[in-house]
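Please read the structure below before turning to the comments.
Laboratory data are not the source of any read-out in this text; all were calculated from the coordinates shown. Every value quoted in this text rests on a predicted model; they were computed, and no experiment measured them. Counting neighbours? That spans all protein chains shown, and the Cβs are built from the backbone with ideal geometry, glycine included.
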Amino acid sequence: MARTAPRGQARTRNRRGEGGRLREEIIDAAAELLDETGDQHAVTLRSVARRVGIATPSIYPHFPDQPAIMLAVVRREFAGLERTLRAAVAAAGDSPRRRLLAICDTYLGFAGRHPQRYRTMFGGLWTPTPGDGSVTETDLALLGASSMLLLVDALTDCVAAGAVTSTDVPADATALWVALHGLAHQRVVSPSFPWPDDIPERIILPLAHLTPS
């Protein structure tokens, strides 16, 4: 992650061709503000510019408005989630069952380690309206699509291996994701609740239609 300028301190000007670095610093600043405040309204063009150490108009060559910055933050977080899930799949080896369980466990772990970012990704901290600013309905529809495909692929492999009895993989993958998301969200907002240690298994095993191992 690029380092943003200390508050109130002017940022060193990028050399020619380093515009991409400034774009990343803008995204970093917005993510930091979300982490600190838990409030999407704290992320404004002015607050981001102040955090980076630039004049507000310097943002416009990179982002047309605040929703575009928020979208970039969320896209980067989903890319991080996808990389984390792919690494878990690779580490799980050749067993389709282990790969599926690794995806589920890693998803829940990601949400637990990055609660504010997770809530931003799934509408808890950022609730955009298509057409309000530069963000489109297509932009929102595509968020998280690659991660969801990993879950679909894992279930498909389990069907082929006889590890699950699903007859409608896309529907069952959706149901499993909804359940995982619900658990992840509730763990974030209700940390003091006495969650049973085996609650993930109680959700994952029946919804994935896993056969006895």
Residues with amide H under 5 Å from that of VAL164, placed H, sequence gap 5 or more: VAL159, THR211
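Defining a contact as two alpha carbons under 8 Å apart and six or more residues distant in sequence, what relative contact order in percent does the chain show? All intermediate terms of the calculation are to be shown ahead of the outcome.
Working: 222 pairs, mean separation 39.0, N = 213.
With pairs under 8 Å counted, the relative contact order is 18 percent.
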Computed log₁₀ I(q)/I(0) - Debye formula, equal Cα scatterers, no solvent, the stretch 71-208, q 0.09 Å⁻¹: -0.28
Helix axis angle, 66-92 relative to the chain longest principal axis, alpha carbon, degrees: 40 degrees
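Quick check on packing: order 148-154, 81-87 by the mean number of other C-beta atoms within 10 Å, highest mean leading.
On the way: 148-154: 18.6, 81-87: 16.7.
Taking the mean over residues of other Cβ atoms within 10 Å, the ranking is 148-154, 81-87.
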Inter-part distance where the stretch 92-122 and the stretch 127-181 are each reduced to a Cα centre, Å: 13 Å
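With Cβ to Cβ distances under 14 Å as the rule, what net charge do the other residues near VAL169 carry (K, R +1; D, E -1)?
Values: positive: none; negative: ASP153, ASP157, ASP168, ASP172.
So the environment of VAL169 carries a net charge of -4.
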Listed residues PRO61, PRO170, PRO200, most fluctuating in the chain (Gaussian network, C-alpha, under 10 Å): PRO61
